[in-house]
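Working notes, structure below.
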Amino acid sequence: MHDRGAKGTTRWRRWLFPAVLLAALIALWQLACSTGAIADALNLESFLVPSPAEVASALWENRGLLAENAWVTLREMLLGILAALVVGVAFAVLMHLSRVLRDAAYPLIVASQAIPIVVIAPILVVWFGYGITPKIVIVALICFFPITVNALDGLRSVDPETVKMMRSLDASRRQRFWRVEAPAALPSLFTGMKIAVVIAPIGAVFAEWAGSSSGLGRLVQSDMAYFLVDRQFATVFVLAAMALALIGLVALAERRVVTWR
Amino acid sequence: MRQDTRMEPESQGSQTVEAPPPRQPAPADAVVLRGVGHAYGELRTLEGIELELPAHGVLGLVGPSGCGKSTLLELICGLREPSEGTISMGGATAAEERLARCAFMPQRDLLLPWYSAIDNAALALRNQGMGRREARAAAAGLFERFGLSGFQASRPAELSGGMRQRVAFLRTLIAGKPVLALDEPFASLDAITRGEMQEWLAAALRADPRTIVLVTHDVEEALYLSDRVAVLSARPGRVVAELSAPRPRAAERDAAVTDPAFVAAREEALRALRHGSRGS
């Protein structure tokens, strides 16, 4: 009972403190806009520096448009993350089971992170066209690394003594994998997934910038021409909210699956 | 080949877990080491080990830390092959065969946190191909006998250190193997729990005798639980003394370890240990 109370308090504080800080920052921003402080300092027209209230009203007025484009981007993100999850886990398992493959492929996978995705995006559009395919590929490329590396780390995290114990208790290689290594890898895999869903919007936006007719990234880009900064901010807000919602979903799934932590 | 050697302990395993507890001794193998030596690359860890352990015997291995006790245990279990010499277990000498005849209990309990206590205990039966329900039922009988009833569904994190160690021992015992290899089974416990667990293990072994190789750094623990104690020297580990533990012993640990014959044996073992740690 006391324990639960203490836990409740902690959860309260975990939400309350960031919420207060966020409210203060928004209030400060509002104040700076309504006094014209930022616009004056940057020597800009005031409509180029929308206040939180203006962003909120842009969000509301454009809710249909934003929702439509959010769905496009969300689909790209989800399919890309799914592709990265399938390929990444498969790769991690193969590298875990084959030392030769691990020694050969791991350095290349790490090195592949040096390739800027912005540069590849237009090439992929040339290859795959303006449809959803290049977006999925780009999101998958950006999410592949954290998923693969974390899954592999998890698979390899098993104590060598546990391996000896399992061998001595008649476990086959397959049983060792399913009863020990796979469950041991789950917490790391979820960590990788959390990173993946946060960076997925980056991939999706780059992909849309490289060539597309809809999506939140495309909307931000086209609004540039009309200086619709308030709607751009609203779009950024929707993108961030989607990433946060996805993290929440992953965390929820983790709590359901990894019940021993 | 491997299939054959694995079949035997499997069928015996399901016998031993049948309630009521077995009255006749469980299957056991004699263990014989002849000229066993081991090296990790250039580093020689063990040299010229000669040991004989009859079926149902308990052999304690003591020695200074880093002397290769745990390596010796892994060699016996078939988790490694010795660089020289032979180890036979019930006549079998290949590492694969020894692995099939021996259950290894590591230093830490290493219970799998994603399994309940009973599923951890039943792990060997599941590995041997038994269905989940059947394996759980088999383990449940031992849970009662080992004072763990009511904790079947608990996760390892919810158990005390002593209980975790009991589940770990149960997991080793239930495999139904002729030889059990225990590596410092109680080293991670506090002194009081350790004493209780030693008493508990002694009783469990009286009820269900097996061939046991027990590695420990604690001379008293070795003498209390074993029939014979081999004292190893500092690296490279050699057997510098082999002594018989005094018999009969009081079941109660405090009474047993204060017995004059026990105290004398402990002094002798400690002398050998000191002598052996000086190295050569």
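Laboratory data are not the source of any read-out in this text; all were calculated from the coordinates shown. This one's a predicted model, so the numbers in the text were calculated from it and none came from an experiment. Because the Cβ atoms are built from the backbone with ideal geometry, glycine has one as well, and the counts that use them run over all protein chains shown.
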Stokes-Einstein D (µm²/s) once Rh is taken as the Kirkwood radius of chain A over alpha-carbon pairs, at 37 °C in 0.692 mPa s: 154
Among A:V119, A:V89, A:G64 the positive-end extreme of the charge dipole of the stretch A:44-182 (Cβ point charges): A:V89
Cα→Cβ-extended label distance, 7 Å offset, between B:A203 and A:V118, nm: 7.2
Amide H contacts of B:A103 (H built 1.01 Å from N, under 5 Å, at least 5 apart or other chain): B:V179, B:L180, B:A181
Pairing the Cα long axis of helix B:260-277 with the longest principal axis of chain B, what angle in degrees results, from 0 to 90 and rounded to the nearest 10? 70
Amide H contacts under 5 Å for B:G57, restricted to residues at least 5 apart in sequence or on another chain and with H modeled in the peptide plane, are B:I212
How long are the three semi-axes of the equivalent ellipsoid of chain B, in whole Å, if each is the root of 5 times an eigenvalue of the C-alpha gyration tensor, listed from largest down? 29, 23, 17
Can you work out the Karplus-derived ³J(HN,Hα) for every residue in the stretch B:229-246? Use 6.51 cos²θ - 1.76 cosθ + 1.60 with θ = phi - 60°, whole Hz, and x for glycine or proline. 10, 9, 9, 9, 8, 5, 4, x, x, 10, 7, 9, 7, 9, 10, 8, 6, x
Return one number: the angle in degrees, 0 to 90 and rounded to the nearest 10, between the long axis of the Cα atoms of helix A:99-112 and the longest principal axis of the Cα atoms of chain A. 10
For the protein assembly as shown, with the dipole built from +1 on Lys and Arg beta-carbon atoms and -1 on Asp and Glu ones, taken about the Cα centre, which of A:A41, B:F146, A:M242 lies farthest toward the positive end? B:F146
Karplus couplings for the stretch B:72-86 from phi (6.51 cos²θ - 1.76 cosθ + 1.60, θ = phi - 60°), rounded to Hz, Gly and Pro as x? 4, 5, 5, 5, 4, 5, x, 7, 9, 9, x, 6, 8, x, 10
Place a +1 charge on the Cβ of each Lys and Arg in the protein assembly as shown and a -1 charge on the Cβ of each Asp and Glu, then give the dipole magnitude about the Cα centre in debye, rounded to the nearest 20. 540
Rounded to the nearest 10, the angle in degrees between the Cα long axis of helix B:191-207 and the longest principal axis of the Cα atoms of chain B comes to 70
Under Stokes-Einstein, with the Kirkwood radius over Cα pairs standing in for Rh, what whole-number D in µm²/s applies to the stretch A:216-261 at 4 °C and 1.567 mPa s? 105
Pairs of Cα atoms farther than 33 Å apart, the protein assembly as shown, %: 57
Would you kindly derive the ³J(HN,Hα) couplings of the stretch B:32-41 from the backbone phi angles with the Karplus curve 6.51 cos²θ - 1.76 cosθ + 1.60 (θ = phi - 60°), listing them in order in whole Hz, with x for Gly and Pro? 10, 10, 10, x, 7, x, 8, 9, 9, x
If the only charges are +1 at each Lys and Arg Cβ and -1 at each Asp and Glu Cβ, what is the size of the charge dipole of the stretch A:36-180 around the Cα centre, to the nearest 20 debye? 1180
Which value at 222 nm does chain B reach when only helices count, each DSSP H run of 4 or more adding -39,500 (n - 2.57), with the total divided by all residues and rounded to the nearest 500 deg cm²/dmol? -12500 deg cm²/dmol
How large is Rg/Rh for the stretch A:80-230, to two decimals, with Cα atoms and a Kirkwood Rh? 1.13
Unit charges at the beta carbon, dipole of the protein assembly as shown: most positive-side option, B:G161, B:H56, A:I109: B:H56
Just tell me which aspartates and glutamates come within less than 16 Å, Cα to Cα, of A:K164; anything on the same chain fewer than 8 places away is out. A:E181, B:E74, B:E81, B:E96, B:E97, B:D109, B:D183, B:E184
Dipole in debye (nearest 20) - chain A, about Cα centre, beta carbon charges: Lys, Arg +1; Asp, Glu -1: 1420
